[in-house]
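Working notes for the structure below.
The values are calculated or read from the model by the stated rules, or taken from the named source; none is laboratory data. Being a predicted model, the structure only gives us computed values, none of them experimental. Virtual Cβ from ideal backbone geometry, glycine too; neighbours counted across all protein chains shown. Each accessible area value is taken on the protein alone, full model and side chains, heavy atoms only, with ligands, DNA and RNA left out. Shrake-Rupley method; radii C 1.70, N 1.55, O 1.52, S 1.80 Å.
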Amino acid sequence: MALIVQKYGGTSVGSPERIKNVVRRVAKYKALGHQLVVVVSAMSGETNRLIGLAKEMQAQPDPRELDMVVSTGEQVTVGLVSMGLIQEGLKAKSYTGAQVKIITDSAFTKARILSIDEQNIRTDLANGYVVVVAGFQGIDKEGNITTLGRGGSDTTGVAIAAALHADECQIYTDVDGVYTTDPRVVPEARRLKTITFEEMLEMASLGSKVLQIRAVEFAGKYKVKLRVLSSFEEEGDGTLITFEEDDKMEQAIISGIAFNRDEAKITVRGVPDKPGIAYQILGPISEANVDVDMIIQNVGVDDSTDFSFTVHRNEFDKAMDILKNQVQHHIGARNVVGDNKTAKVSVVGVGMRSHVGIASKMFRTLAEEGINIQMISTSEIKISVVIDEKYLELAVRVLHKAFDLDLEPV
Ligand code: ADP
Ligand code: ASP
Ligand code: MG
């Protein structure tokens, strides 16, 4: 007998028919004698619909109230899944995040889980219940409802698996595993049987939304056995996230290509080349809770330099506003320019540690297509470039081919 946490995404619970499909799978595992916690997302499209409603009331919805609204999507699905299970003759009980006591910080719309009280769940499991928990939501210490950021149900699933020391956390979605890149963009993409935790962390942080990054972080911290699987297929091993590089069966140099359309680039031109400038530019940005991704400061010419960085596209206007109104004159910069039609493409692989020439191959491949690289950043196992958004799909396709990702590794 094992304790298994299964998380089902929006498409997998997108209609009563699909919820019945989830019920059948849960019943199958239960019949094998396993204990099950089921974490579900809102029905597909529902979270977007709720955000749309909020924006009709307030162009920039109040974050606390937005969480109040968007958290309702998951409350509907937990109830429906539970009903489906009861209808099948199983014992089932649904919980909101607050009812479980998934305690988060108070960063509305992107809250972090601080603790989970797993007592009720354990008692229910011991009494033979399937426990159905709403993904994506929690409650802060003051009792406010919070949400965990888009894709946050993955994190609920893994965090509950960690709290319960579950034997496995299964993420059921609309693809049958983690691919070399998004199979919707590159049909030749291949499913990976395994991917190392470090690679998955990079892929997730660089835009592969198949797993939310915090879910991967939790899995790493608490060594949760994590697998991504299809909710539409009966059979299949999906993709296992492994913690040892030696476990990696496929020894490709590059494991995958991640991309992100949500990048916006901002350049502060003609800033004095002296100590404290980076802080004066990025301090107010960070105080406004805007996350900064890539940063580049050019070599100064005539005591002045240009300072560029990227932010999430949703926060572009806010960041531009802060720079133009609070920073530019204060530090004596010439002007602030921005481009919110940029994208980031990254190649990821632990094999990079032991191979040279990956960067030059990447840059040559993009050059051959006439794609201009605007920014570059690297780490031990990834190389990222910022390019014009209109070349994104082309870039991903040619890189996928150049690194032979469409071929089984030998
Ligand atoms: P869910 O609603 O089940 O959480 P998501 O839409 O959040 O599903 O994530 C699954 C989607 O992630 C897939 O449909 C696919 O388009 C996308 N995706 C992006 N990169 C990858 C990748 N490397 N492998 C598999 N899927 C990916
Ligand atoms: N329903 C939320 C979203 O659409 C959380 C999730 O699906 O993981 O982002
Ligand atoms: Mg998701």
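Restrict the search to region 291-388; then list the trypsin sites (Lys or Arg not before Pro) that DSSP places in a loop and that have at most 14 other Cβ atoms within 10 Å of their Cβ.
Working: sites: Arg313, Lys318, Lys324, Arg334, Lys341, Lys344, Arg353, Lys361, Arg364, Lys382; in loops: Arg334.
Within region 291-388, the qualifying trypsin sites (Lys or Arg not before Pro) (loop, at most 14 other Cβ atoms within 10 Å) are Arg334.
Using a 10 angstrom cutoff on alpha carbons, build the Gaussian network for the chain and name the most mobile of Arg184, Arg64, Arg150.
Greatest mean-square fluctuation among the candidates belongs to Arg184.
Hey, in the GNM for the chain with a 10 angstrom Cα cutoff, which one of Met43, Met203, Met57 fluctuates hardest?
It is Met57.
Which residues make up the longest stretch of the chain that has no GluC sites (Glu not before Pro) in a DSSP loop with at most 16 other Cβ atoms within 10 Å?
Longest stretch, sites excluded: 251-368.
Could you state the accessible area per residue of region 200-247 in Å², with a 1.4 Å probe and every protein chain left in place?
50
Roll a 1.4 Å probe over the protein chains and send me the accessible area per residue for region 309-379 in Å².
51
How much accessible area per residue does region 71-199 have, in Å², with a 1.4 Å probe? Please report the intermediate quantities before stating the final value.
Values: 4940 Å² over 129 residues.
Accessible area per residue: 38 Å².
Ignoring any ligand, DNA or RNA, what whole percent of the accessible area of the chain comes from carbon and sulfur when the probe is 1.4 angstrom? Intermediate results must be reported in sequence, preceding the final value.
Values: 9290 of 18890 Å².
Heavy-atom surface of the chain belonging to carbon and sulfur, 1.4 Å probe: 49 percent.
Please go through the residue pairs Lys274/Lys324; Lys209/Lys274; Lys324/Lys344 and name each one whose alpha carbons sit more than 31 Å apart in this structure. Walk me through the numbers on the way to the answer.
Details: Lys274/Lys324 20 Å; Lys209/Lys274 39 Å; Lys324/Lys344 25 Å.
Check vs 31 Å cut-off fails for Lys209/Lys274.
Just to be sure I understand the curve: with the Debye formula and one point per C-alpha of the chain, what is log10 I(q)/I(0) at q = 0.10 Å⁻¹?
Taking Cα atoms of the chain as identical point scatterers yields -0.74.
When the chain is modelled as a GNM with alpha-carbon springs shorter than 10 Å, which of Leu85, Leu394, Leu36 fluctuates the most?
Top of the fluctuation ranking is Leu394.
At 222 nm, what value in deg cm²/dmol follows for the chain if DSSP H runs of at least 4 each add -39500 (n - 2.57) and the sum is divided by all its residues, to the nearest 500?
My calculation for the chain gives -10000 deg cm²/dmol from helical runs alone.
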